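Working notes for the structure below.
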Amino acid sequence: MPPPNVTSTTLKRIHREIADLKKEDLGAIKLAPSGDDLFHWSATIPGPEGSVYEGGVFQVEIVLGHDYPFSAPRVAFKTRIYHMNINERGSICIDILKHNWSPALSLFKVILSLSSLLTDPNPKDPLVPSIATEYVRNRVQHDSNARRWTELYARPSLAASSSANGRGKASAAPAASAASAPAAAATASRLQSAAPSRSSSTRPAAPSRTATPGETITIEDSEDERPARAAATRGVQRAKRKRGAGTDDAVDVDLTAEDSPATRPARRPRVGTSTSGTRTGGSSEVIVIED
């Protein structure tokens, strides 16, 4: 409903701006009266590329006075934004909406100025001093907070313009998930039931045993070691003491390294001895050497 005491000049100006908007290239910006109320407008400003507000969509409300354009419009952000010149109620601190307003300005120029304000905030005239201080002293933290607020409050909702086929696929997906749930539960149950059987089939390691001082440990030879040990025992038993003719001197010969009789070669007489093992030179000492 238009405010009281509206002049024809105000109505003509509003209709002219509506006509001019049809000629302007707005791009992603949207600006138009809200329904049939010419004094209540709504605008949509996308986050400028390269700024911390990129990817966000910000809703703006505009209310015109009964003496527009001789008084500045009242403009406020409806979308929350982390900005030093815009407070939590959406009020905007910008000169063209205060003392620098001119009837030569239009609503479209106001929206362009707000878009520029998102790219280049003014820390010298802040509406939220804490954000301005953070912007000057810790720019990285400021930008991080601004991006986080943009993600939380300014991301556009998904348009509900999917086709009937797409909706059918979307509804079929939960059904498929519900159908696969019993199979997954059965598989998990089989795995859990199989886990104990695998654990029980594993034989525990035999505990190590340490001999006590009073305990006797018997070590038995293997089948491969028994013939060699028996042969060594027989060689010890065959060690003989040979005594020479006509003397009491004797020479002990240890034949423990002798092999078994089956593998022992025949005796060979040494040079200068007879086949009986006596030295031919008439020596009183007889030495018997077996290979």
Could you grab me the full set of residues in region 124-140 that are assigned to a helix (DSSP H, G or I) and aliphatic (A, V, I, L, M)? ILE131, ALA132, VAL136, VAL140
Are any of the residues in region 68-76 more than 22 Å from TYR135 (Cβ to Cβ) and touching a Ser or Thr at 6+ places or on another chain (Cβ under 8 Å)? yes
Please tell me if SER51 is assigned by TED's automatic domain parsing to the domain that holds HIS99, under 52 Å from the mean Cα position of the chain (by Cα) and not in a strand (DSSP E or B). yes
Name the residue, out of GLY55, GLY35, GLY47, GLY27, that is on the phi > 0 side of the Ramachandran plot and surrounded by 13 or more Cβ atoms within 10 Å (Cβ to Cβ). GLY55
Criterion first (crowded, with 16+ Cβ neighbours inside 10 Å and not in a helix (DSSP H, G or I)) does PRO103 satisfy it? no
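The values are calculated or read from the model by the stated rules, or taken from the named source; none is laboratory data. Note that the coordinates shown come from a computational prediction; the quantities given were computed from them, not determined experimentally. So basically every Cβ, Gly included, is an ideal-geometry build from the backbone, and we count neighbours across all protein chains shown.
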